[in-house]
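This report concerns only the one structure given below.
The values are calculated or read from the model by the stated rules, or taken from the named source; none is laboratory data. Note that this is a predicted model, so its numbers are computed, not measured. Please note: Cβ atoms are built from the backbone with ideal geometry, for glycine as well, and neighbour counts cover all protein chains shown.
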Amino acid sequence: MPSDLTVTDAAATGAAAAPERVVEVQRARGHLVVVVGGGAAGLELATKLGRRYGQTDRVHVTMVDRARTHLWKPLLHAVAAGSLDAGEEELNYLAHAARNHYVFRFGDLIGLDRAAKRVHLSATFDDEGRPITPRRSVPYDTLVIAIGSITNDFGTPGAAQHAIPLETPEQAVRFNRRVVNACLHAHTQEGPVRPGQLHIAIIGAGATGTELSAELHHTVRQIVAAGLDRIVPERDVRIVLVEAGPRILPALPERISTATTELLQKLGVEVRTNARVTAVSAEGVTLDGGDFIPAEIVVWAAGVKGPEVLTKLDGLEVNRINQLVVLPTLQTTRDPDVFAIGDCAACPREGFTSPVPPRAQAAHQQAMHMARQIERRLAGKPLLPFKYHDFGSLVSLGRYSTVGSLMGLVDRAFFVEGMFARLMYRSLHKMHERAVYSTSRMMADTIARTLSRRADRIVKLH
């Protein structure tokens, strides 16, 4: 496959170069498609395009991401709780790109030149500050931005300093280590466990926060059972799920919210609704009205917004939460050659005043639609509007239960729970794996992981 980059500038030192001295690039033959972002939407799109066009000169596909590996985002709560080792599920972009006939570029999106049709990437460095890749630019004919979303703490005082978000595998691992370290410290310190020392406050009762609360109930007890006998979970550990709205899982039907609340309360998880957080400190969380929840471990899972860089992309239109505003065709409103999909896109939804929700199923559907759009662009055909199909929602409560609603199978949504719901939940992950792997490899990996977990069921303790 011909290279899509030719270095002609002395930026190999990795130092930030002036815009006019950014690494120069030479266009390869064929149509250049650049996908920025290797999340569910971006990775599935790059994989599909690479398989379809990668061994031809007709289209050259490049995917850019700031990380080197991919983890399906709905699994982050399990990594944070310690019930899943991220290393078992991560996909290496370089190896995957080679197998699927696209090019992977390691770097962070920092700018865009729409006139020259170039995406600007930052220099990258290792943990010791040594340069890995220089600042450079990548040319495109069609650009698809799929960099996802980040946590929106709404400017709450202390949230950025004292609450851990769950946007990346690194943050999920950080949270897990903090929980394990807190338990080790409480076990070895002189004197009893302090009030709030092993209390965990989860801000935001959407799917991530709710799933995390259930997983933590089990994994914290597993940690304590590994020899930390000075800690009594029923006395020392407290998990509080805090939601500003009137009920948890506000995006799901009320029946699911009620069933999930009852199950969490049976587990001992404290559910606080109509509780808006006004400040976060090292000692705990302050609520509107003055109530204070002591908790030295806080995770923020309330609200999302687009990354700040989206507001600096050569005048592309964004909404109030930094999402790129797109047309029904997924094209940005100010440039027909630039598209956006996934959580970073505000895509209109027919019959609704709000855009397509930031869900895994939406990302999958948009990736598949975008692949067809590119095919139509190449053929000179008019683009088609994206239509989102809501097939329902499922919430995994770890080993305890799975609940949700399914739509599309019958004329109305119906409630599911237990083993059937758990199988449907797992099938969502398998659909994603099938999209980025082959069916045979997905099945082989599933069998291997199942056997591995049955042989070693202990919670991650490091």
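Looking at the range 147-154, can you tell me whether even one residue there is at pLDDT below 95, closer than 30 Å to ILE231 by Cα and β-branched (Val, Ile, Thr)?
For the range 147-154, residues at pLDDT below 95, closer than 30 Å to ILE231 by Cα and β-branched (Val, Ile, Thr): absent.
Which one is surrounded by the fewest Cβ atoms within 10 Å (Cβ to Cβ), of the residues in the range 302-327 that are under 18 Å from ALA160 (Cα atoms) and of a type in the set (Gly, Ala, Ser)?
GLY303
Return the only residue of ASP291, ASP343 being under 24 Å from ILE164 (Cα atoms), charged (D, E, K, R) and crowded, with 17+ Cβ neighbours inside 10 Å.
ASP343 is the lone residue from the list that is under 24 Å from ILE164 (Cα atoms), charged (D, E, K, R) and crowded, with 17+ Cβ neighbours inside 10 Å.
Conditions: (1) touching a residue at least 24 places away in the same chain (Cβ under 8 Å); (2) exposed (fewer than 14 other Cβ atoms within 10 Å of the Cβ); (3) of a type outside the set (D, E, K, R). THR156 meets all but one. Number of the miss?
Only one criterion is unmet by THR156, namely (2).
Return yes or no: is ALA86 buried (at least 18 other Cβ atoms within 10 Å of the Cβ) and within 21 Å of the chain's Cα centre (by Cα)?
When the stated conditions are applied, ALA86 passes them.
Would you check which residues across the range 295-338 are in contact with an Asp or Glu (Cβ under 6 Å, 6 or more places away or on another chain) and not basic (Lys, Arg) and list them?
Within the range 295-338, TRP300, VAL325, THR333 qualify.
Is it the case that GLY284 is within 27 Å of the chain's Cα centre (by Cα) and farther than 25 Å from VAL173 by Cα?
no
Being farther than 27 Å from VAL436 by Cα and touching a helix residue (DSSP H, G or I) at 6+ places or on another chain (Cβ under 9 Å) is true for just one of PRO382, PRO307, PRO294, PRO358. Which residue is that?
One residue alone meets the criteria, PRO382.
From VAL299, VAL271, grab the single residue that is more than 24 Å from the chain's Cα centre (by Cα) and crowded, with 20+ Cβ neighbours inside 10 Å.
On inspection, the qualifying residue turns out to be VAL271.
May I ask you to list the residues in the range 135-165 that are closer than 27 Å to ALA123 by Cβ, part of a loop (DSSP other than H, G, I, E, B) and out of contact with any Asp or Glu (no Cβ under 8 Å at 6 or more places or on another chain)?
Listed by number, the residues that qualify are ARG135, ALA146, ILE147.
Enumerate the pairs (first residue in the range 119-140 and assigned by TED's automatic domain parsing to the domain that holds THR62 and aromatic (Phe, Trp, Tyr); second residue anywhere and part of a loop (DSSP other than H, G, I, E, B) and surrounded by fewer than 18 Cβ atoms within 10 Å (Cβ to Cβ)) with beta-carbon separation below 9 Å, excluding pairs fewer than 6 apart on the same chain, so at least 6 apart or on different chains.
PHE125/GLY14
For (1) within 30 Å of TRP72 (Cβ to Cβ); (2) surrounded by fewer than 16 Cβ atoms within 10 Å (Cβ to Cβ); (3) of a type outside the set (S, T, N, Q), each residue gets a yes or a no:
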| residue | (1), (2), (3) |
| --- | --- |
| PRO192 | no, yes, yes |
| LEU198 | yes, no, yes |
| GLY206 | yes, no, yes |
| GLY209 | yes, no, yes |
| ILE223 | yes, no, yes |
| ALA226 | yes, yes, yes |
| ILE231 | no, no, yes |
| VAL237 | yes, no, yes |
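Being modelled with pLDDT of 95 or more, of a type in the set (Lys, Arg) and loosely packed, with under 15 Cβ neighbours inside 10 Å, is that true of even one residue in the range 388-411?
Within the range 388-411, none of the residues are modelled with pLDDT of 95 or more, of a type in the set (Lys, Arg) and loosely packed, with under 15 Cβ neighbours inside 10 Å.
Being of a type in the set (A, V, I, L, M) and either assigned to a strand (DSSP E or B) or in contact with a strand residue (DSSP E or B) (Cβ under 7 Å, 6 or more places away or on another chain) (or both) is the filter; apply it to the range 114-134 and report the residue that is surrounded by the fewest Cβ atoms within 10 Å (Cβ to Cβ).
ILE132
Listed here are the residues, each with its yes/no results for (1) part of a strand (DSSP E or B); (2) without any contact (Cβ under 8 Å) to a residue 24 or more places away in the chain; (3) outside the structural domain of ARG372 (by TED's automatic domain parsing).
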{"site": "ARG230", "(1), (2), (3)": "no, no, yes"}
{"site": "ILE248", "(1), (2), (3)": "no, no, yes"}
{"site": "ASN274", "(1), (2), (3)": "no, no, yes"}
{"site": "THR278", "(1), (2), (3)": "yes, no, yes"}
{"site": "GLY289", "(1), (2), (3)": "no, yes, yes"}
{"site": "LEU316", "(1), (2), (3)": "no, no, no"}
{"site": "ASN322", "(1), (2), (3)": "no, yes, no"}
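What is the residue count in the range 363-394 for residues that are under 27 Å from THR208 (Cβ atoms), outside any helix (DSSP H, G or I) and without any contact (Cβ under 8 Å) to a residue 60 or more places away in the chain?
Number of matching residues: 8.
Tell me, yes or no, whether the range 194-205 has at least one residue that is of a type in the set (Val, Ile, Thr), outside the structural domain of ALA80 (by TED's automatic domain parsing) and under 21 Å from ALA86 (Cβ atoms).
Within the range 194-205 (the criterion being of a type in the set (Val, Ile, Thr), outside the structural domain of ALA80 (by TED's automatic domain parsing) and under 21 Å from ALA86 (Cβ atoms)), the answer is yes, since at least one residue qualifies.
For the range 194-214, name all the residues that are small (Gly, Ala, Ser), in a helix (DSSP H, G or I) and under 12 Å from THR261 (Cα atoms).
SER213, ALA214
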